[in-house]
C-alpha cells in the first residue's frame, strides 16, 4: 500500500478530471458507497471458489461479531447500493464510481494491495448497443490520453444454462489431462474449471489450446448478441480480437466479456476489463435486471499515460515578495488576482528570503511565471514579470498592477 506524494497527486487529479468529464459527456452519474461491506456480499457475488474470496480479501470481525471486508472490487457494492436505495425498479441507470479497492496480492509492477479503480455500471439495458457504448467510451478515453499500444479482446460466456453444459464438457476434457495440470488448475477443476482457460502458466498453453471452445456451446440468443456487438464495433472502426480463453475471474459475468490489454506493463497487462452481469442483481436479492459495466485500474493507466498529462495542481504564478511593504501588499495583490481570474492558481512566497532563494522556490514549484514585487514596484504600483518556462523564459518586463488581470488572461495557459 503506497503513499501518493504531492509531486504525483497533480497527475492523479488530471487523469481523474479527464475521466469524470468523459463520463459526464455520456450521461453517467457518480455514486459513492462505503469502503467496508459485509463479507457475505462478496461471497455471494464474486464466488466462494474464486481467488479473490479464497486468498485475497481483507476480512475481519467487528465488535458486534459481524464479518466485514474491505471492498476488493466495486460492482457488488454498487449493485447492493442500487437495490437498497430503489434505483433499479422500472429505471435505467448509468452509474460510475472511483476510489480505493483492497486485495492481499503479491506486490508487483502495476499491482498493489490498495489500488484504485474507476468503475462504470449500467442497469436496465439488455441490448448489445449498450455493450458497444461501454467499449466505445473506453476507446475514446484512450484517444484523449494519447494511449496507442492497447488491444481490445472480446469473448462471450453465454448464459448460466449454456455455460453449465459447457462446464461438464470442459471438466471431462481436463480430467483426461490431469497429469499436465498445475496445483491451481487441479484445485479449480471441480470448483471453477473455466478459470483454467485463463491460466498464466506457459506450461499449460498447449493443453488449454486443445480444450473445447465456449463459443461453440453458446445458446442462439447469446450468439446473436455477440455477432451484433462485433458488427457495431466493426462499423465504428474499433479493432478487436476474439479471445476464446477470456473468461474473467469473477463468477457473475455472462454473455459479453472484454479486456483492454497492453504489453507495456509486463505480466499485469490488463488496464480495463468488464462485461455483462445480467444475473447479479437477482442473485443479490433484487428483481432480474440486465446489467453491464467495466473497471479501469488507475495505477496501471497512469503509468502508461503520465508523460501525456500536465499536472493539475501546479501553480500558474509564484509571487516573489522582497521587503516589508512588498509582503504586506503582495497578499492583497494575490487576493485581487484570484477575484479577477477564479481559475488562477497563485503561490505566494511567505517567510521572506532573497530574490535568488525565492526564484529557486518559484522554479521548483513548477509555476509558469514569477511576479516580482519589491519596494520600487509597491511605490510605482507595478509588478515585474518573468516567464520561468517555454520560449519566453529569458524575457522580463514590468506592468502596471491594474493591467495585470487582462494581461494574465491572454498569456497564461489557464
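Throughout, read-outs are computed from the coordinates displayed, never taken from laboratory work. Bear in mind that the values here come from a model prediction, so they are computed numbers and not experimental data. Positions of Cβ are backbone-derived with ideal geometry, glycine not excepted, and every protein chain shown enters the neighbour counts.
Rounded to the nearest 0.05, the FRET efficiency derived from the C-beta distance between residue 403 and residue 354 at R0 = 30 Å is 0.60.
Estimated from helical segments only, the mean residue ellipticity of the chain at 222 nm is -11500 deg cm²/dmol, where each DSSP H run of four or more residues counts as -39500 (n - 2.57).
Overall shape of region 297-357 was characterised from the C-alpha gyration tensor. The equivalent ellipsoid obtained from it has semi-axes of 33, 15, 7 Å, in decreasing order. Counting 0.36 nm for each residue step from residue 241 to residue 64 and taking away their Cα separation leaves a gain of 58.8 nm. Rounded to the nearest 10 degrees, the angle from helix 6-25 to the longest Cα principal axis of the chain is 60 degrees. Of the residues 280, 369, 344, the one with the fewest other Cβ atoms within 10 Å heads the list, and the complete ranking is 344, 369, 280. What is the angle, in °, between the Cα long axis of helix 220-235 and the longest principal axis of the Cα atoms in the chain? Nearest 10 is fine, range 0 to 90. Here the helix axis deviates by roughly 30 degrees.
Using the Stokes-Einstein relation with a Kirkwood hydrodynamic radius computed over Cα pairs, the translational diffusion coefficient of the chain at 37 °C and a viscosity of 0.692 mPa s comes to 133 µm²/s.
With a 10 Å radius around each residue's Cβ, average the other Cβ atoms per peptide and rank 161-167, 311-317, 63-69, highest first. Don't jump to the answer; show the numbers that get you there.
Numbers: 161-167: 15.4, 311-317: 17.4, 63-69: 11.0.
In decreasing order of mean packing, 161-167, 311-317, 63-69 become 311-317, 161-167, 63-69.
Sorted from longest to shortest, the spans of the Cα atoms of region 258-414 along the three principal axes equal 74, 37, 30 Å. Ordering of 96-103, 151-158 by packing is 151-158, 96-103, highest average first (other Cβ atoms within 10 Å, averaged per residue). Relative to the longest principal axis of the Cα atoms of the chain, the long axis of helix 160-175 lies at roughly 70 degrees. Of all beta bridges that DSSP places with both ends in region 317-411, some 55 percent have antiparallel geometry.
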